[in-house]
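Okay, so here's the structure we're looking at.
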Amino acid sequence: MKINKIEGLIAATFAPYDEHGKINPLIVSSYASSLKANGVNGVFINGTTGEGASLSLEEKQVLMEAWVKEQNEGFKVIAMLGGSNQNESIKLGKQAAGLGLYGVAVTAPYYFRPGNVEQLVDYMQPIAAASPGLPFYFYHIPLLTKVELPIIGLLETVADKIPNFAGIKYTHHNLMEFNQCLRFKNRKYDVLWGWDETFLAGLAMGAKGAVGSTYNFASPLYLEIKQAFASGNMERALNLQEKSIDFIQLYGKFGGPAAGKAILKLCGIDCGNFRAPVDSLAPAKQEELKKKLLDMSFFDFSINNHRKSWKS
């Protein structure tokens with residue numbers, strides 16, 4: 001398979017729920033319109049941010065069907081197929097192929113974990129084969145899966161076993177390994193950076209594409225970081241990255257993942273609350289979060305502020 005590498009920002013979307021906690025596919029159209037208007041080049045659905053581990057098979061299918069309607073040449077839809085349930089992932093992979101999604105991804109199994117790269121590749125092989133015409137990505141996030149296998153070893157093993165293997169969504173802090181993966185076999189694979197708060201570091205180590213949750217509501221900021229980096233203005237790039245660090249550090253004080261969904265709501269896209277066990281923000285906490293965001297001028301570089309400079 002010819003690998004067309006992704007450039008720019010891919011938003012790891014939040015699961016859209018109604019006020020009763022049911023999947024609400026009706027919001028997807030306006031959600032996608034906002035992302036497109038703010039320079040985002042696609043979405044990664046049903047992943048960590050999208051609460052894929054908390055969704056039923058049917059809910060994932062509904063969201064795949066809703067998001068593919070928003071796909072076009074300039075806006076890609078990549079679906080996370082799962083991690084620990086191989087049969088379910090195969091079923092979702094077949095549906096993704098039938099729908100014509102841009103690509104698919106899986107994490108390492110995170111309950112019964114693979115003990116070596118060969119076991120991981122053998123696990124992924126039938127899942128990838130379910131959608132042989134789609135780019136297949138491995139979603140490397142050892143912080144959550146606790147699977148810390150050598151990724152260069154994965155790339156060495158996967159070539160002959162998964163013909164549609166396209167690359168890695170790399171959500172790990174090992175910058176050396178990330179760069180090694182980028183350069184593997186004359187830069188054969190598409191390796192996407194996955195840490196928003198160190199986006200600039202990813203660019204410095206060679207990243208061209210990135211997947212992240214904060215691109216849902218702060219894509220103008222990251223596009224300005226990218227523009228400053230490309231023009232050689234490292235002082236400005238670092239200053240902008242520090243703005244990202246400052247608002248992301250609020251997550252720990254305001255419920256972790258739930259803070260991201262609350263910020264998205266403040267920016268005009270209401271995807272409801274997180275499912276248990278994640279605690280959602282009470283109204284008073286939401287107001288406190290809003291005040292802190294205002295104090296740090298967050299909304300000057302969020303999707304609420306439709307500036308033009310990053311489009312040039």
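Tabulated data
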quantity: Residue list for the range 25-40, filter: crowded, with 20+ Cβ neighbours inside 10 Å and part of a loop (DSSP other than H, G, I, E, B); calculated: Asn38, Val40
quantity: Set Gly252, Gly209: member being among the small types (Gly, Ala, Ser), in contact (Cβ under 8 Å) with a residue 60 or more places away in the chain and either farther than 27 Å from Ser29 by Cα or surrounded by fewer than 22 Cβ atoms within 10 Å (Cβ to Cβ) (or both); calculated: Gly209
quantity: Pair list, Cβ under 6 Å, 6 or more apart: the range 133-153 residue part of a helix (DSSP H, G or I), other residue acidic (Asp, Glu); calculated: Pro142/Glu148; Ile151/Glu177
quantity: Hits in the range 1-20 - residues which are surrounded by 13 or more Cβ atoms within 10 Å (Cβ to Cβ) and either in a loop (DSSP other than H, G, I, E, B) or out of contact with any Leu (no Cβ under 9 Å at 6 or more places or on another chain) (or both); calculated: Met1, Ile3, Lys5, Ile6, Glu7, Ala12, Thr13, Phe14, Ala15, Pro16, Tyr17, Asp18
quantity: Conditions (1) modelled with pLDDT of 95 or more; (2) surrounded by fewer than 16 Cβ atoms within 10 Å (Cβ to Cβ); (3) in contact with a strand residue (DSSP E or B) (Cβ under 9 Å, 6 or more places away or on another chain); number of the one not met by Asn164; calculated: (2)
quantity: Complete set of residues in the range 62-118 that are free of Cβ contacts under 8 Å to residues at least 24 places away in the same chain, closer than 27 Å to Ile27 by Cα and of a type in the set (S, T, N, Q); calculated: Asn72
quantity: Conditions (1) of a type in the set (Val, Ile, Thr); (2) under 20 Å from the mean Cα position of the chain (by Cα); (3) in a helix (DSSP H, G or I); number of the one not met by Val191; calculated: (3)
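The values are calculated or read from the model by the stated rules, or taken from the named source; none is laboratory data. Computed from a prediction, not measured in an experiment: that's the story for all the values here. Note that we place each Cβ from the backbone using ideal geometry, even for glycine, and neighbour counts take in every protein chain shown.
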